[in-house]
Amino acid sequence: MLGPVILAASRSDKMRRFISAAPGTKQVVDRFIAGETVDQVVPIVEDAADKGLEVTLDVVGEDITTPAQAEAARDAYLELIERLKALDLGTRAEMSVKLSMFGQALEGGHELALANVRPVVEAAVAIGTTVTLDAEDHTTLDSMFAIHEELRKDFPQTGCVIQSYLFRTEDDARRLAEAGSRVRIVKGAYKEPASVAYQDKAEIDKAYVRITRILMEGEGYPMIGSHDPRLIAIAQELGRQAGRKLDEYEFQMLYGIRSDEHIRLAAEGHRMRVYTAYGTDWYGYFMRRLAEKPANLLFFGRSILTKG
């Protein structure tokens with residue numbers, strides 16, 4: 001199994017040094033990670049705005065083992081929000097957060113994560129934007145959804161992510177597709193057991209379509225997270241069938257993936273948001289994405305070869 005091997009490599013300082021020095025590594029990192037600092041990512045937000053695109057910003061960092069590290073993650077997002085405020089970019093950029101970065105896996109993690117993420121959400125709303133809670137592996141979702149529900153009491157625009165490969169997600173989508181909600185649908189990239197998730201790509205895609213229909217026919221704001229041209233076309237058709245205007249849902253894709261498609265969808269009048277990760281822990285972020293789903297090795301490799 002490649003997953004455990006890659007995950008072990010992500011925790012090895014020796015492998016970090018080896019991979020960081022390997023030919024071609026910088027090309028991969030520069031393509032998919034927007035930079036290490038706020039100063040490096042701000043021009044990317046400005047460039048996206050000039051092209052009619054929006055962004056969601058993810059400050060990468062995975063190995064949170066102490067409350068102090070969780071507070072540092074909170075502070076990194078607060079610094080980002082201050083920079084966006086100063087440049088009047090709040091309406092062009094939202095934030096995506098993983099609650100594991102805010103201490104969710106630590107002792108008393110549910111309360112700790114809620115306490116750390118709340119000031120980030122409050123600061124985001126104050127500059128005219130919002131936060132979306134990313135979905136992680138299935139064992140964390142009940143906590144994530146509970147925190148999402150709690151935050152929406154004061155900040156109803158707070159979004160969340162659901163994953164089509166999980167059996168539970170159709171029920172989650174029906175519950176979440178209410179007025180004022182913001183829900184991103186993705187296929188899911190974590191290695192999940194057959195007891196909780198579809199393992200066959202075709203079944204995952206079918207579930208994605210069913211869930212997208214639920215969101216489009218609901219009263220909330222769907223966010224379609226996919227690079228798959230077929231699923232994008234289906235989502236457009238489901239939006240038409242549901243009577244939605246083009247600004248009543250949006251598409252989201254990763255920074256560095258199918259950049260030409262970002263521009264095409266925006267030119268057609270769609271809201272197009274680019275998921276943009278940055279930070280010093282690019283190694284951990286990148287390796288863990290591979291560990292969650294080793295098939296991503298081929299995906300990233302193809303992306304590099306196609307240059308777009």
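The values are calculated or read from the model by the stated rules, or taken from the named source; none is laboratory data. Just so you know, these numbers come straight off a predicted model, no measurement behind them. No Cβ is skipped: glycine too gets one built from the backbone with ideal geometry, and neighbour counts run over all protein chains shown. Calculation scope for accessible area: heavy atoms of the full protein, side chains included, ligands and nucleic acids excluded. Shrake-Rupley method; radii C 1.70, N 1.55, O 1.52, S 1.80 Å.
Filter region 248-259 down to the residues that are surrounded by fewer than 19 Cβ atoms within 10 Å (Cβ to Cβ) and modelled with pLDDT of 95 or more and list them by number.
Glu248
Can you find, within region 111-144, the residue that is nearest to Glu54 (Cα to Cα) among those that are of a type in the set (A, V, I, L, M, F, W, C) and out of contact with any helix residue (DSSP H, G or I) (no Cβ under 7 Å at 6 or more places or on another chain)?
Ranking the qualifying residues of region 111-144, first place goes to Val125.
Looking at region 250-262, I want the residues that are over 15 Å from Leu231 (Cβ atoms) and have a partner that is assigned to a loop (DSSP other than H, G, I, E, B) with Cβ atoms under 7 Å, at least 6 apart or on another chain. Which pairs are those?
Every condition considered, the pairs that remain are Tyr255/Ala34; Ser259/Gly308; Asp260/Gly308; His262/Leu53.
Based on this model, can you work out whether Ala242 counts as open to solvent by 10 Å² or more (accessible area, probe 1.4 Å) and touching a residue at least 60 places away in the same chain (Cβ under 8 Å)?
So Ala242 does not fit the description; no.
Here is a yes/no grid of residues against (1) basic (Lys, Arg); (2) farther than 24 Å from His262 by Cα; (3) open to solvent by less than 40 Å² (accessible area, probe 1.4 Å):
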| residue | (1), (2), (3) |
| --- | --- |
| Leu166 | no, yes, yes |
| Thr169 | no, yes, yes |
| Glu178 | no, yes, no |
| Arg184 | yes, no, yes |
| Asp205 | no, no, yes |
| Gln236 | no, no, yes |
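Which ones in region 125-147 are over 28 Å from Leu87 (Cβ atoms), free of Cβ contacts under 8 Å to residues at least 40 places away in the same chain and surrounded by 15 or more Cβ atoms within 10 Å (Cβ to Cβ)?
Leu141, Phe145
Please determine whether any residue of region 31-52 is modelled with pLDDT under 90, in a helix (DSSP H, G or I) and either closer than 22 Å to Val121 by Cα or under 19 Å from the mean Cα position of the chain (by Cα) (or both).
yes
Conditions (1) closer than 17 Å to Thr169 by Cα; (2) in a helix (DSSP H, G or I), marked per residue:
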| site | (1), (2) |
| --- | --- |
| Pro193 | yes, no |
| Gln199 | yes, no |
| Ile204 | yes, yes |
| Tyr208 | yes, yes |
| Ile211 | yes, yes |
| Ile214 | yes, yes |
| Met223 | yes, no |
| Ile232 | no, yes |
| Leu238 | no, yes |
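Filter region 84-100 down to the residues that are more than 21 Å from Ala135 (Cα to Cα) and surrounded by 15 or more Cβ atoms within 10 Å (Cβ to Cβ) and list them by number.
Passing the criteria: Leu84, Lys85, Leu89, Gly90, Arg92.
Only residues that are touching a Ser or Thr at 6+ places or on another chain (Cβ under 6 Å) and open to solvent by 50 Å² or more (accessible area, probe 1.4 Å): list them for region 107-124, please.
Hit for region 107-124 is His110, nothing else.
Given the structure, is Ala179 part of a helix (DSSP H, G or I) and either farther than 25 Å from Glu149 by Cα or over 16 Å from the mean Cα position of the chain (by Cα) (or both)?
Spelling it out, it is not the case that Ala179 is part of a helix (DSSP H, G or I) and either farther than 25 Å from Glu149 by Cα or over 16 Å from the mean Cα position of the chain (by Cα) (or both).
For Glu219, work out the one condition from (1) at pLDDT 95 or above; (2) surrounded by fewer than 21 Cβ atoms within 10 Å (Cβ to Cβ); (3) in contact with a helix residue (DSSP H, G or I) (Cβ under 9 Å, 6 or more places away or on another chain); (4) closer than 19 Å to Leu246 by Cα it doesn't fulfil.
Unmet for Glu219, out of (1) at pLDDT 95 or above; (2) surrounded by fewer than 21 Cβ atoms within 10 Å (Cβ to Cβ); (3) in contact with a helix residue (DSSP H, G or I) (Cβ under 9 Å, 6 or more places away or on another chain); (4) closer than 19 Å to Leu246 by Cα: (3).
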